[in-house]
Amino acid sequence: VNFARERTALAEVMAFLFSKGWAPGTGGNFSIVVGEGSDRRWVMSPSGIEKGSVAPSDLIVLDRELNVLEGTGKPSAEALLHVYIAESFGARSILHVHSVWNTLLSRRFLKDGHLYLEGYEMLKVVGSIKTHETRIAVPIVPNSQDMPSLVETLKAKLGDEPTVPAFLLAGHGLYTWGDSLAEAKRHVEGFEFLFEVEAREQSWGRHAGG
Ligand SMILES: [Zn+2]
């Protein structure tokens with residue numbers, strides 16, 4: 001089996017994200033990108049299996065046309081988003097989670113087109129930000145089951161250089177990425193922390209305000 005190191009590392013991170021409650025059921029999908037250009041490969045979680053107990057050998061290897069080069073599992077319908085993110089932004093790892101907090105906020109702020117996060121120390125974790133005295137905007141787009149059209153929507157929304165390595169699909173979940181698996185994992189943890197704080201603060205404020 002090829003990509004043994006990547007398989008082991010990705011399976012570990014998937015189990016961690018599952019343990020945090022961010023990929024319940026068989027939700028979420030996860031990849032490490034290897035190689036460049038037409039040789040690029042995605043070591044990826046297969047669809048329809050629980051992410052907490054995936055063996056390294058259960059992971060599949062895809063090319064950019066979503067052909068399964070290794071493994072017996074089927075790619076997720078969302079594998080196309082992993083190809084888009086790697087090819088557009090040079091991501092080396094893409095992690096997609098379905099958490100309670102990202103689902104709540106993505107629905108609530110879809111009408112604004114972005115979720116704004118401001119004044120949190122944790123903002124330094126989710127981008128090339130050196131201070132908490134800043135505001136970031138996480139793009140939100142409507143959910144869709146039509147992946148090619150969702151990619152077109154994302155291209156129009158994010159452009160070539162997104163200001164944060166992330167976007168939200170409304171009522172669905174977070175996509176984030178990084179230059180390495182470790183960085184992408186840090187981004188999930190950072191964003192999910194921020195989402196929980198922001199969502200709790202918003203509901204707190206609503207109640208306090210009567
Ligand atoms: Zn999903």
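Observations on the structure shown:
- Residue check, residue 13 out of contact with any helix residue (DSSP H, G or I) (no Cβ under 8 Å at 6 or more places or on another chain), β-branched (Val, Ile, Thr) and assigned to a helix (DSSP H, G or I): no
- Lone unmet requirement of (1) at pLDDT 95 or above; (2) over 18 Å from the mean Cα position of the chain (by Cα) for residue 130: (1)
- Among the residues listed as 27, 48, the single one being in contact (Cβ under 8 Å) with a residue 40 or more places away in the chain, out of contact with any strand residue (DSSP E or B) (no Cβ under 6 Å at 6 or more places or on another chain) and assigned to a loop (DSSP other than H, G, I, E, B): 27
- Between 48, 37, the distinction of being within 13 Å of the ligand (Cβ to nearest atom), on the phi > 0 side of the Ramachandran plot, at pLDDT below 95 and not β-branched (Val, Ile, Thr) belongs to 48 only.
- Whichever residue in segment 75-89 is of a type in the set (Gly, Ala, Ser) and within 15 Å of residue 41 (Cβ to Cβ) and, among such residues, is farthest from the ligand (Cβ to nearest atom): 86
- Taken over segment 71-126, residues that are on the phi > 0 side of the Ramachandran plot and in contact with a helix residue (DSSP H, G or I) (Cβ under 9 Å, 6 or more places away or on another chain) amount to 2.
- Given (1) within 16 Å of the ligand (Cβ to nearest atom); (2) farther than 19 Å from residue 172 by Cβ; (3) surrounded by fewer than 21 Cβ atoms within 10 Å (Cβ to Cβ), number of the condition residue 42 does not satisfy: (3)
- Residues within segment 172-202 that are assigned to a helix (DSSP H, G or I) and not charged (D, E, K, R), tallied: 13
- Residue match in segment 55-74 (condition: within 16 Å of the ligand (Cβ to nearest atom), in contact (Cβ under 8 Å) with a residue 24 or more places away in the chain, of a type outside the set (Gly, Ala, Ser) and buried (at least 18 other Cβ atoms within 10 Å of the Cβ)): no
- Among the candidates 83, 43, residue that is assigned to a strand (DSSP E or B) and aliphatic (A, V, I, L, M): 43
- Those residues of segment 150-171 which are more than 16 Å from the ligand (Cβ to nearest atom) and either surrounded by 13 or more Cβ atoms within 10 Å (Cβ to Cβ) or assigned to a helix (DSSP H, G or I) (or both), in sequence order: 152, 155, 156, 157, 158, 162, 163, 164, 165
- The condition of being touching a residue at least 12 places away in the same chain (Cβ under 8 Å) and away from the ligand (no atom under 16 Å from the Cβ) holds for only one of 106, 99, 93, that being 93.
The values are calculated or read from the model by the stated rules, or taken from the named source; none is laboratory data. Please read all numbers here as calculations on a predicted model, not as lab measurements. Heads up, the Cβs are rebuilt from the backbone with ideal geometry, glycines too, and the neighbour counts pull from every protein chain shown.
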